[in-house]
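*Asks:* Take this structure, written in C-alpha cells, and hold onto it; I'll ask about it next.
The values are calculated or read from the model by the stated rules, or taken from the named source; none is laboratory data. Here the structure is a predicted model, which means the values were calculated and not measured. Cβ coordinates were reconstructed from backbone atoms using ideal geometry, including for glycine residues, and neighbour counts include every protein chain displayed.
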Amino acid sequence: MRPGDVLGSFKKKFGASVSKAEITRFENSGVGKADAGGDFSQGFFPVGKKASVERLWISVERYSFKEAVKHLCGLYEMPHFSVIAGCDLGETIELNYIFTLGYGTKFGELCVVLKVALPKKDLVVPTITDLVPAALISEREIQEMLGVKVQGIPDARRLFLPEEFPKGVFPWRRDSKGPERLVRNLNREEAK
Amino acid sequence: MKRAIKRGKSFGEAKAGKDAEAGRGTPEGIAEPVKKEIEGNSFSLSVGPVHPALKEPVRFNLEIEGEKVAKVDFEMSQAHRGIEWMGTRRNPVQIIHLAERICGICNICHSMAFCRAVEGIAGIEVPERAQYIRTIVAELERIHSHILWAGVAAHELGFDSVMHYTWKMRETILDIIEALTGNRITKGMIMIGGVRRDIDEKQAANIRQGLEFYRKGFGKLCGIFMKDPVIRARTKGIGILSRKDALAFSAVGPTARASGVEKDVRQDEPYAAYPALDVRAITPKDALGEINGDVFDRIVVRLLEVKQSIELIEKSLKQMPEGKIVHEEKAVKLLADLKNAKGEGIGRLEAPRGEVIHYVRLVGEEAPFCWKVRAPTYNNLLPWGPMLLGAQIADVPIIAASTDPCMSCANRAVAVEGGNERVFDNEAMHRLSVEKTRALRGQLK
C-alpha cells in the first residue's frame, strides 16, 4: 500500500470534499541493513538506508465521511480500525479516525488517518459500526468524552465514565463544558 | 443485578442454536440491540468488575441457558485514571514516566510509542545503538509477559504446579531486567531520542546466559502446554474466534494471529531494529499446520513468540553497533527543541498483547495539546462476544484470560435464577474450572 496511490484514489472519487490531504514521512524510524537477510524487495525503502515510515492524513467533510470509510473498506480486505482521537480546537471538534491498511505484508502497512471537523453548534457524526464493527468502543468513548452525538450507534451507553458522573461534563473538552470546574471543586474538597 | 438485565444489550447474540453450539457469533449481530426480555430457563451471570491491574476493569453480564452462555455483554469503567488528561498538563519528558505507568507489564511499549510519536513530529534521529537496545528491552518484556500469561492460564485451568513452575522461570528474566535497568518491572529505560542506559559486555554476557536458560526450559514449557492431554482437552475447540470476526472486530496481537490474521507491527511496519532482524508474524500454522482460532492456538502462538524473542535478542546483541545511545543528553535543550515542534504524530509498535498506538499533537507549547493512548486490550474487548458465545460457565475464566487482558476477570460473580441468587465469588468460579479439569483428567486416564 503506497500512500500516493491511496490518496490518488480518494482525490479521484471525492474531489473537493477532500479539503486537505498530507503525507508525512518519518525518517529514521528504524535501522535498515542490506546484509540482514530481510526481504526488502517490495521497495518500501532502499536497501542500506534507514527505514522510514509514511502516514497519510486526509481531511474529509462530514457529508462525505461515511462514503470515505466505505471507499477505504474497498481498498483492502478490511481496514484495521485502531482508535478515534478527538481534539477540541475551540470552534470545532476534530475527530481523527486512525485506520491501517495492508497489514500482513512485510513493510506493506500504511496508516491512514481520516479527519472530520465538526462545528461545536452541531456535534453529530454518523456511525461507522455497520461498515467497521470494531469502531463501537471508540464511538462510545467519543460520545461520552467529547459530547459528540454518534448517529445510529447500536449501543449508546457510557463506556469509561461511571454512571454517577455528572451529565453535560465532557472530560476531553477545553471549553465551559470541560472538567475544569469539577477539578477545582475537587481541590476545594481536599483543602477542607 | 436486575437493572443490568433490563438495559442489557449484547455485542453478539447467537442467531440459531447451531451457532451457539459451534461457539461462534456473527459480526452482524452486534448492530441489533437485544429486545426480548429474559425468559424461560435462562438466567444472568455477572462476572467482575474490579481488578486493579487493568486500565479497563471488565464486568461480564452473561446470560446463561443451562450450562451455556447465550448472550455476552460487558461493562468497563470503574478505574479510568485520566492519564491522557494528566499528560496534557506535563512536558513530554515528564509524560514518559506517566506513560510507563499505563501498564505494569508493557511499560517499555507505552513509553516507546509515545517517544516515537514525538520523535516523528520533531524529526529527532535515534542513534542506531539505541534502536537495538530498545529492541532488546522490548523483547525481554515480551518473554516476561508471555511466560507470566502462561502461568495465569495454567492457574485458570487448575494447574497450580505449572503456574509456579512458569513463574519461577519468569524470575530469570526479571533478574536480567534488574541488572540492565535497575528495576524489575518499571524499567525507566526509554528517552525521547534514545535510551537512558547502555548495555555493556558484562550485561550482554548476562543476557546470553539467561537466554540459554530459556532455550533449555522452552522445550519443557512446550511439552507441558502442547502435549498434556488434559490441557489439550480443556483448550481445544473452545473460545473460537474466526478469522472473519477477528478482522471485523480489529483484534490485535496474539489474539488476531491465533485466528490466522498475520498482523504484527514488527513485520508490517518495522521500527527500531526490527527492519534489520527479519521478523515474521507467527500463526498456529507454524507448529500445528492448521488454524482453529481457539484457546489452544493462542497458547501456541505465545509459546512460539517466546522462542522468536530469544532469537531476536541474540541477533540484536550480535548486530548491535557501537555509538551514542541518545540523541540529546541535556533534557533542557531537548525540551526547548520540543517546545518549537508543531504537528501530529502517531507512534505504533507491537506490545506483548498487540499493537499499541499513541496519537500526539504538539502545538508549540510546553505540554502536548492532545495525547490519545490505545492499548491492545481496547481492541481485544469486542472479540470476547463471539469467543464466549456458547461456552460453558466453567470455560469462561480461561476464554476471558486467553486474550491476555491484564487480569483474571472472575473475581466476583452473582447468578440470579427466578429471584433466587446464587453467589459465585472468584474462588467458586475458579473451583468450577478446576473441577472440570479434574473430571476430564479422570476420563482421560
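*Asks:* Could you identify the single residue in B:Leu349, B:Leu304 that is within 19 Å of B:Asp404 (Cα to Cα) and within 14 Å of chain A (Cβ to nearest Cβ)? I'd like the intermediate steps shown before the answer.
*Replies:* On the way: B:Leu304 fails: within 14 Å of chain A (Cβ to nearest Cβ).
Residue meeting the stated conditions: B:Leu349.
*Asks:* Another question about this same structure. If you take the residues of the stretch A:46-67 that are of a type in the set (A, V, I, L, M, F, W, C) and at pLDDT below 90, which of them is nearest to A:Gly4 (Cα to Cα)?
*Replies:* Among those that are of a type in the set (A, V, I, L, M, F, W, C) and at pLDDT below 90, it is A:Val53.
*Asks:* Further question on the same structure: Does the stretch B:186-228 hold any residues that are among the aliphatic types (A, V, I, L, M), more than 23 Å from the chain's Cα centre (by Cα) and part of a helix (DSSP H, G or I), and which are they?
*Replies:* The answer is B:Ala204, B:Ala205, B:Ile207.
*Asks:* Of the residues B:Arg134, B:Arg170, which is within 14 Å of chain A (Cβ to nearest Cβ) and either β-branched (Val, Ile, Thr) or part of a helix (DSSP H, G or I) (or both)?
*Replies:* Only one candidate qualifies: B:Arg134.
*Asks:* Considering each of B:Gly151, B:Gly120 in turn, give the residue that is more than 26 Å from B:Glu344 (Cα to Cα), crowded, with 20+ Cβ neighbours inside 10 Å and touching a Phe, Trp or Tyr at 6+ places or on another chain (Cβ under 6 Å).
*Replies:* Going through B:Gly151, B:Gly120 in turn, just one is more than 26 Å from B:Glu344 (Cα to Cα), crowded, with 20+ Cβ neighbours inside 10 Å and touching a Phe, Trp or Tyr at 6+ places or on another chain (Cβ under 6 Å): B:Gly151.
*Asks:* Scan the stretch B:324-338 for residues that are within 12 Å of B:Val195 (Cβ to Cβ) and either charged (D, E, K, R) or surrounded by fewer than 16 Cβ atoms within 10 Å (Cβ to Cβ) (or both) and jot them down.
*Replies:* Once the filter is applied, which keeps residues that are within 12 Å of B:Val195 (Cβ to Cβ) and either charged (D, E, K, R) or surrounded by fewer than 16 Cβ atoms within 10 Å (Cβ to Cβ) (or both), the stretch B:324-338 yields B:Lys324, B:Glu329.
*Asks:* Does any residue in the stretch B:57-72 that is at negative phi come within less than 6 Å, Cβ to Cβ, of a residue that is of a type in the set (Lys, Arg) and modelled with pLDDT of 80 or more six or more places away or on a different chain, and which pairs are these?
*Replies:* B:Glu63/B:Lys71
*Asks:* Can you find, within the stretch B:352-378, the residue that is farthest from the chain's Cα centre (by Cα) among those that are closer than 15 Å to B:Val118 by Cβ, among the hydrophobic types (A, V, I, L, M, F, W, C) and more than 8 Å from chain A (Cβ to nearest Cβ)?
*Replies:* B:Val363
*Asks:* Could you tell me how many of the residues in the stretch B:76-100 are in contact (Cβ under 8 Å) with a residue 24 or more places away in the chain and either more than 14 Å from chain A (Cβ to nearest Cβ) or surrounded by fewer than 21 Cβ atoms within 10 Å (Cβ to Cβ) (or both)? Outline the logic, then answer.
*Replies:* Applying the first criterion (in contact (Cβ under 8 Å) with a residue 24 or more places away in the chain) to the stretch B:76-100 yields B:76, B:78-81, B:83-84, B:87-93, B:95-97, B:99-100.
When the remaining residues are screened for being either more than 14 Å from chain A (Cβ to nearest Cβ) or surrounded by fewer than 21 Cβ atoms within 10 Å (Cβ to Cβ) (or both), the result is B:78-81, B:83, B:88-93, B:95-97, B:99-100.
Result for the stretch B:76-100: 16.
*Asks:* Additional query: Regarding the stretch A:143-154, can at least one residue be identified that is part of a loop (DSSP other than H, G, I, E, B), more than 14 Å from the chain's Cα centre (by Cα) and within 24 Å of B:Val58 (Cβ to Cβ)?
*Replies:* Step one: list which residues in the stretch A:143-154 are part of a loop (DSSP other than H, G, I, E, B), which gives A:147-148, A:152-154.
If we keep only those that are more than 14 Å from the chain's Cα centre (by Cα) too, we end up with A:147-148, A:152-154.
This time we only want the ones that are within 24 Å of B:Val58 (Cβ to Cβ), so: A:153-154.
Yes, that holds for at least one residue.
*Asks:* Shifting gears a bit: Just the residues that are touching a Leu at 6+ places or on another chain (Cβ under 9 Å) and part of a loop (DSSP other than H, G, I, E, B), please, taken from the stretch B:292-306.
*Replies:* B:Gly293, B:Asp294
*Asks:* Among the listed residues B:Cys103, B:Cys109, B:Cys115, identify the single one that is part of a loop (DSSP other than H, G, I, E, B) and away from every other protein chain (no Cβ under 11 Å).
*Replies:* Working: B:Cys109 fails: part of a loop (DSSP other than H, G, I, E, B); B:Cys115 fails: part of a loop (DSSP other than H, G, I, E, B).
Just a single option satisfies the conditions, and that option is B:Cys103.
*Asks:* Kindly provide the set of residues from the stretch A:54-74 that are more than 14 Å from every other protein chain (Cβ to nearest Cβ) and under 21 Å from A:Gly108 (Cβ atoms), ordered by number.
*Replies:* A:His71, A:Gly74
*Asks:* Go through the stretch B:253-282 and give me each residue that's over 23 Å from A:Glu27 (Cα atoms), more than 8 Å from every other protein chain (Cβ to nearest Cβ) and hydrophobic (A, V, I, L, M, F, W, C).
*Replies:* Residues satisfying the conditions are B:Ala256, B:Ala258, B:Ile282.
*Asks:* Pick out the one residue from A:Val116, A:Val148 that is in contact with a helix residue (DSSP H, G or I) (Cβ under 7 Å, 6 or more places away or on another chain), buried (at least 19 other Cβ atoms within 10 Å of the Cβ) and within 29 Å of A:Pro3 (Cα to Cα).
*Replies:* The match here is A:Val116.
*Asks:* Let me spell it out: the conditions are (1) of a type in the set (A, V, I, L, M, F, W, C); (2) in a loop (DSSP other than H, G, I, E, B); (3) within 14 Å of B:Ile133 (Cα to Cα), and B:Ile240 meets all of them except one. Which number is the exception?
*Replies:* (3)
*Asks:* Cβ-Cβ under 6 Å, sequence separation 6+ or interchain: first residue in the stretch B:319-334 and acidic (Asp, Glu), partner surrounded by 12 or more Cβ atoms within 10 Å (Cβ to Cβ). Which pairs?
*Replies:* Sorted first by the residue in the stretch B:319-334, then by its partner, the pairs are B:Glu328/B:Gly193; B:Glu328/B:Leu334.
*Asks:* Tally the residues that are under 16 Å from B:Glu84 (Cα atoms) and modelled with pLDDT of 85 or more, restricting the search to the stretch A:151-177.
*Replies:* Going through the stretch A:151-177 one residue at a time, the tally reaches 5.
*Asks:* State all residues of the stretch A:153-168 that are within 13 Å of A:Glu141 (Cβ to Cβ) and either more than 7 Å from every other protein chain (Cβ to nearest Cβ) or in contact with a Lys or Arg (Cβ under 8 Å, 6 or more places away or on another chain) (or both); if no residue qualifies, say none.
*Replies:* If the condition is that a residue be within 13 Å of A:Glu141 (Cβ to Cβ) and either more than 7 Å from every other protein chain (Cβ to nearest Cβ) or in contact with a Lys or Arg (Cβ under 8 Å, 6 or more places away or on another chain) (or both), then A:Ile153, A:Asp155, A:Ala156, A:Arg157, A:Arg158, A:Leu159 are the ones that fit.
*Asks:* State yes or no: is A:Thr105 in contact with a Leu (Cβ under 6 Å, 6 or more places away or on another chain), more than 19 Å from A:Thr24 (Cβ to Cβ) and either of a type in the set (Val, Ile, Thr) or at pLDDT 95 or above (or both)?
*Replies:* When the stated conditions are applied, A:Thr105 does not pass them.
Here's the yes/no breakdown for (1) of a type in the set (Ser, Thr, Tyr); (2) within 14 Å of another protein chain (Cβ to nearest Cβ); (3) within 30 Å of B:Val396 (Cα to Cα); (4) surrounded by 15 or more Cβ atoms within 10 Å (Cβ to Cβ):
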site: B:Leu180; (1), (2), (3), (4): no, no, no, yes
site: B:Arg197; (1), (2), (3), (4): no, no, no, yes
site: B:Lys236; (1), (2), (3), (4): no, no, yes, no
site: B:Pro284; (1), (2), (3), (4): no, no, yes, yes
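*Asks:* For B:Leu389, all conditions in the list (1) modelled with pLDDT of 80 or more; (2) surrounded by fewer than 23 Cβ atoms within 10 Å (Cβ to Cβ) hold save one; what is the number of the exception?
*Replies:* (2)
*Asks:* Let me ask something additional. Condition (residue is within 21 Å of A:Cys111 (Cβ to Cβ) and in a loop (DSSP other than H, G, I, E, B)) applied to the stretch B:252-260: is it met by at least one residue?
*Replies:* Yes, the stretch B:252-260 has at least one match.
*Asks:* Within the set of pairs 6 or more residues apart or between chains, which connect a residue that is without any contact (Cβ under 8 Å) to a residue 24 or more places away in the chain inside the stretch A:130-144 to a residue that is acidic (Asp, Glu) with Cβ atoms less than 8 Å apart?
*Replies:* What qualifies is A:Leu136/A:Asp155; A:Arg140/A:Asp155.
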